[in-house]
There are 2 protein chains.
Amino acid sequence: MDMPNALAAFDALGQPSRLTVFRLLVQTGGAGLAAGDIATRLDMKPNTLSTHLGILESAGLIAAQRQGRSIRYFAQMEGLRGLMAWMLQDCCGGNPDACAPLLDMITQKG
Amino acid sequence: MDMPNALAAFDALGQPSRLTVFRLLVQTGGAGLAAGDIATRLDMKPNTLSTHLGILESAGLIAAQRQGRSIRYFAQMEGLRGLMAWMLQDCCGGNPDACAPLLDMITQKG
DNA sequence: TCGATATTTCCCGAATTATGGATATGCCAA
DNA sequence: TTGGCATATCCATAATTCGGGAAATATCGA
């Protein structure tokens, strides 16, 4: 994870439709969801959703896998982990004190 | 932390200038920096910077404190912590399995 | 009060982004 | 091969965002 990558991830999640899609995929878990199912559940047009899925995918936050006619999307927890780890490491690298309590509270599930 | 709040935070950090400012403030730590110092260090126009500072502040990621003529800005680690905790809790609430490894790796500092 | 400094607010033009209709592509079943 | 389904791409429009010039506000020293 580097700055452009983190930027892409934050930018991807900083949009209502995309954050909603990502949350849905995380909560859905390993089974993932077909694009059409996402569109139905969130009441989005397929083409608009497709654009958002592409942005989330290129940010490394979700992954796609074709299954027959449909394309199934999965949350990439590794992407989220990388983003958080980068914030903790890179941002706090010069100031570990600020991050110690942050780490503690996160591990206590805040 | 709720969805609109998280959205504001992600949106605030998903912009190059703002992510740079935030990183600078986190790395600077408790002393904080005056707006003018930030502008000088990052070579930004004062008015443009002011807008970005306002967005970061309203997202709860930084705080301001007037000191004489200048206004000193500080990273709000609590805001960052809240954002991360929300992602872990709210997103993963319906799917704790996905978050367990994520938590583990974060606490190992990735 | 006056002038200087620090920052914000107002405002505009340029650039970017979001949305969705129309169309194209990939895939499967008959 | 044909038809239909699932999704993506192309394209245009509307909305939003970004950067910065100009002016306003707040503070301090003389």
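The values are calculated or read from the model by the stated rules, or taken from the named source; none is laboratory data. In this text the structure is predicted, and so the values were computed from the model without any measurement. Every residue, glycine as well, gets a Cβ built from its backbone with ideal geometry; the counts of neighbours run over all protein chains shown. Note: accessible area is taken over every heavy atom of the protein model, side chains too, but ligands, DNA and RNA are not part of it. Shrake-Rupley method; radii C 1.70, N 1.55, O 1.52, S 1.80 Å.
Before we move on, is A:ALA85 open to solvent by 20 Å² or more (accessible area, probe 1.4 Å), modelled with pLDDT under 90 and under 15 Å from B:ARG81 (Cβ atoms)?
The answer is no for A:ALA85.
So which residues in region A:68-86 are within 12 Å of DNA strand C (Cβ to nearest atom) and in contact with a helix residue (DSSP H, G or I) (Cβ under 7 Å, 6 or more places away or on another chain)?
Result: A:SER70, A:ILE71.
One line per residue, one yes/no per condition, for (1) away from DNA strand C (no atom under 14 Å from the Cβ); (2) of a type outside the set (S, T, N, Q); (3) farther than 24 Å from B:TRP86 by Cβ; (4) within 17 Å of the chain's Cα centre (by Cα):
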residue: A:ARG18; (1), (2), (3), (4): no, yes, no, yes
residue: A:VAL26; (1), (2), (3), (4): yes, yes, no, yes
residue: A:GLY29; (1), (2), (3), (4): yes, yes, no, yes
residue: A:GLY36; (1), (2), (3), (4): no, yes, yes, no
residue: A:LYS45; (1), (2), (3), (4): no, yes, yes, no
residue: A:LEU56; (1), (2), (3), (4): no, yes, no, yes
residue: A:ALA59; (1), (2), (3), (4): no, yes, no, yes
residue: A:ILE62; (1), (2), (3), (4): yes, yes, no, yes
residue: A:ARG66; (1), (2), (3), (4): no, yes, yes, no
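Just give me the residues in region A:1-30 being under 15 Å from A:GLY60 (Cα atoms) and surrounded by fewer than 18 Cβ atoms within 10 Å (Cβ to Cβ), in sequence order.
Residues satisfying the conditions are A:ASP2, A:MET3, A:PRO4, A:ASN5.
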